[in-house]
Amino acid sequence: MSGTYLGMPAFPAAAREAVGDETLRGNLRHATRTIRAKRARAVAEVSDWAELREAGKRIKDHTLRRLDRYLVQLEESVTAAGGVVHWAADADEANRIVVELVAATGESEVVKVKSMATQEIGLNEALEAAGIRAYETDLAELIVQLGEDRPSHILVPAIHRNRTEIRDIFVREMGRWGRPAPEGLTDTPAELAEAARLHLREKFLRAKVGVSGANFMVADTGTLVVVESEGNGRMCLTLPDTLISVVGIEKVVPTWQDLEVFLQTLPRSSTAERMNPYTSTWTGTSDGDGPRVFHLVLLDNGRTDTLADEVGRQALRCIRCSACLNVCPVYERAGGHAYGSVYPGPIGAILSPQLRGTASAVDASLPYASSLCGACYDVCPVAIDIPEVLVHLRERVAEGGPVTRAGNRVLLRPAKGHAAERAAMRAARWALARPGALRAGQRLASATRRLHPRSLPGPGRAWSASRELPAVPAEPFRDWWQRTNGGKDEAE
């Protein structure tokens, strides 16, 4: 990835500040609870949801195991349909390709469909540095751009803003980017949407270059798919003369039959709809219909390294529905900015440290940004076991070990600040491997339980500041089992 947000502290410090913002917490609480309640109703309508979830998981795993084959097939299909395929190993290469493609058209502005991949690589900033202005056309992304803000949610990037804040941003900033906000604009949703529509309409009609991502790519036909709810994507994908799509290599699926599974699970998990209002598909170019030139930039940027991790690779199943964010108690209280990445929430906590590595304080802290409650796994439409990957990455941060970076196996050094954790785990491993020592320790703990403090000292203070230490029983379980003959004597 292109790096963490400039100046971002580690998650604990960023979250501590966010939790103190009552307006932010109120906005997040209202939005996430509303979305997850709607999603639950939409999913309950489908009698075979568990089967669809398992099918999505298997399709993704099958594709990832054969990713090299399907990507080559995709390239052949896109090329045969009149498109041009570019391969980008990292963010710098992807940005360079897109900047050169836009510059070759002679245009100095582009309209954009909402795209996590282009945010990941910092494409807007790269275009701006080259004198090219990028206009976000998704309503929430427009709010973020006009407010010089950062997205805080995968599906609803401006979830941290309320209607009054959005009205103020429109009134203050729209005139600098194009058509000003209407006089007397209020904070009613209908008026805000109309102001955005009028502001963007001139850009749709004027722009000659469109930039998009894609939700899926179908290998056997070379078809790309974008699902959205506002219609701005349809405008960007059909009106410009040139379309450039930047897509992560994990977004490929083998066939249209496979795509059908995700077109059932994605809308219900993301927007709680039976189907998206706009599902746009395009295959190469066609005379008299849509863009005359189509470029597909296939983005790696750490995905191949993630694929090499047998446990962590399941993060690449993600279809960006954001269901895990909406059920996460940590995200609901801390918000998306605390994660220091365009991928916030539980999926960001396992995806960002794999794409970017764990060298920075932010990335080393992300695997710990979870209570491990498992709600994220329960709602994931492709059954990503996020708690399993979190624990796996915590071990990597604390213990170090071999990892794949830039295609090479390297030995990762343990992160700073985890010496006590490593010592505790080694002591536990030693005790659990020696039954006699474990039994003696349990008996000692029971005998001295009246002397135990109610909070932990030193580094453990952070844990016990918000939790009560569990009381030690009067006798160890093994002693109770032997004394009561497995509980039978006590029952009698």
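Search region 377-399 for residues that are open to solvent by 20 Å² or more (accessible area, probe 1.4 Å) and pair each with any residue that is at pLDDT below 95 and of a type outside the set (A, V, I, L, M, F, W, C) when their beta-carbon atoms are under 6 Å apart and the residues are at least 6 apart or on different chains.
As it stands, the answer is Glu399/Pro414, since those pairs meet every condition given.
With assigned to a helix (DSSP H, G or I), in contact (Cβ under 8 Å) with a residue 24 or more places away in the chain, open to solvent by 30 Å² or more (accessible area, probe 1.4 Å) and in contact with a Ser or Thr (Cβ under 8 Å, 6 or more places away or on another chain) as the only criterion, which of Arg41, Arg53, Arg25 stands out? Before you say what the answer is, go through the steps one by one.
On the way: Arg41 fails: in contact with a Ser or Thr (Cβ under 8 Å, 6 or more places away or on another chain); Arg25 fails: in contact with a Ser or Thr (Cβ under 8 Å, 6 or more places away or on another chain).
Answer to the selection: Arg53.
Identify the residue in region 172-213 that is part of a loop (DSSP other than H, G, I, E, B) and small (Gly, Ala, Ser) and, among all such residues, is nearest to the chain's Cα centre (by Cα).
First, the residues of region 172-213 that are part of a loop (DSSP other than H, G, I, E, B): 178-188, 207-208, 213.
Filter once more, so that each one left must be small (Gly, Ala, Ser): 178, 181, 184, 207, 213.
Numbers: Gly178: 31, Ala181: 32, Gly184: 37, Ala207: 30, Gly213: 15 Å.
Filtering first and then ranking leaves Gly213.
Per-residue answers, yes or no, for (1) out of contact with any strand residue (DSSP E or B) (no Cβ under 6 Å at 6 or more places or on another chain); (2) β-branched (Val, Ile, Thr); (3) at pLDDT 90 or above:
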{"position": "Thr4", "(1), (2), (3)": "yes, yes, no"}
{"position": "Leu28", "(1), (2), (3)": "yes, no, yes"}
{"position": "Thr32", "(1), (2), (3)": "yes, yes, yes"}
{"position": "Arg36", "(1), (2), (3)": "yes, no, yes"}
{"position": "Val43", "(1), (2), (3)": "yes, yes, yes"}
{"position": "Lys57", "(1), (2), (3)": "yes, no, yes"}
{"position": "Asp61", "(1), (2), (3)": "yes, no, yes"}
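Out of everything in region 266-291 that is in contact with a Gly (Cβ under 9 Å, 6 or more places away or on another chain) and assigned to a loop (DSSP other than H, G, I, E, B), what residue ends up being surrounded by the most Cβ atoms within 10 Å (Cβ to Cβ)?
It comes out as Pro291.
If you go through region 423-437 one residue at a time, do you hit one that is over 30 Å from the mean Cα position of the chain (by Cα), surrounded by 13 or more Cβ atoms within 10 Å (Cβ to Cβ) and part of a loop (DSSP other than H, G, I, E, B)?
Within region 423-437 (the criterion being over 30 Å from the mean Cα position of the chain (by Cα), surrounded by 13 or more Cβ atoms within 10 Å (Cβ to Cβ) and part of a loop (DSSP other than H, G, I, E, B)), the answer is no, since none of the residues qualifies.
Does region 57-79 contain any residue that is exposed (fewer than 14 other Cβ atoms within 10 Å of the Cβ), under 22 Å from Ala214 (Cβ atoms) and among the β-branched types (Val, Ile, Thr)?
Yes - at least one qualifying residue is present in region 57-79.
Among the residues of region 176-189, are any open to solvent by 50 Å² or more (accessible area, probe 1.4 Å) and under 23 Å from Ser270 (Cβ atoms)?
Yes, because at least one residue in region 176-189 is open to solvent by 50 Å² or more (accessible area, probe 1.4 Å) and under 23 Å from Ser270 (Cβ atoms).
Here is a check on your reading of the model: is Met217 aliphatic (A, V, I, L, M) and open to solvent by 20 Å² or more (accessible area, probe 1.4 Å)?
no
If we keep just the residues of region 113-136 that are charged (D, E, K, R) and part of a helix (DSSP H, G or I), which is nearest to the chain's Cα centre (by Cα)? Steps first, please.
The first filter runs over region 113-136 and keeps only residues charged (D, E, K, R), leaving 114, 120, 125, 128, 133, 136.
Then drop every residue that is not part of a helix (DSSP H, G or I), which leaves 120, 125, 128.
Numbers: Glu120: 10, Glu125: 20, Glu128: 25 Å.
Filtering region 113-136 for residues that are charged (D, E, K, R) and part of a helix (DSSP H, G or I), the one nearest to the chain's Cα centre (by Cα) comes out as Glu120.
Would it be correct to say that Leu299 is over 15 Å from Val379 (Cα atoms), in contact (Cβ under 8 Å) with a residue 24 or more places away in the chain, surrounded by fewer than 24 Cβ atoms within 10 Å (Cβ to Cβ) and hydrophobic (A, V, I, L, M, F, W, C)? Don't jump to the end; show me each part of the working.
Numbers: over 15 Å from Val379 (Cα atoms): yes; in contact (Cβ under 8 Å) with a residue 24 or more places away in the chain: yes; surrounded by fewer than 24 Cβ atoms within 10 Å (Cβ to Cβ): no; hydrophobic (A, V, I, L, M, F, W, C): yes.
Criteria not met by Leu299.
Return the residue satisfying two criteria in turn: it lies in region 304-330 and is surrounded by fewer than 20 Cβ atoms within 10 Å (Cβ to Cβ) and without any contact (Cβ under 8 Å) to a residue 60 or more places away in the chain, and of such residues it is nearest to Val342 (Cα to Cα).
The extreme case among them is Pro329.
Among what's in region 90-113 and is of a type in the set (A, V, I, L, M) and within 18 Å of Ala214 (Cα to Cα), pick the residue that is surrounded by the fewest Cβ atoms within 10 Å (Cβ to Cβ).
Of region 90-113, the ones of a type in the set (A, V, I, L, M) are 91, 94, 97-99, 101-104, 110-111, 113.
With the extra rule that they be within 18 Å of Ala214 (Cα to Cα), the set shrinks to 91, 94, 97-98, 110-111, 113.
Values: Ala91: 23, Ala94: 27, Ile97: 18, Val98: 28, Val110: 27, Val111: 25, Val113: 25.
Result: Ile97.
Mind listing whichever residues of region 331-345 are open to solvent by less than 10 Å² (accessible area, probe 1.4 Å) and part of a helix (DSSP H, G or I)? So that I can check it myself, show each step before the final result.
Step one: list which residues in region 331-345 are open to solvent by less than 10 Å² (accessible area, probe 1.4 Å), which gives 331, 334-336, 338-341, 343-345.
Once the filter is applied, which keeps residues that are open to solvent by less than 10 Å² (accessible area, probe 1.4 Å) and part of a helix (DSSP H, G or I), region 331-345 yields Tyr331, Ala334, Ala338, Tyr339, Gly345.
Would you mind telling me which numbered condition in (1) surrounded by fewer than 16 Cβ atoms within 10 Å (Cβ to Cβ); (2) over 25 Å from the mean Cα position of the chain (by Cα) His418 fails?
Exception for His418: condition (1).
The values are calculated or read from the model by the stated rules, or taken from the named source; none is laboratory data. Given the structure is predicted, the values throughout are model-derived calculations rather than measurements. As a convention, Cβ positions derive from the backbone with ideal geometry for all residues, glycine included, and neighbour counts pool all protein chains shown. Remember, those area values only see protein heavy atoms, side chains included, never the ligands or the DNA or RNA. Shrake-Rupley method; radii C 1.70, N 1.55, O 1.52, S 1.80 Å.
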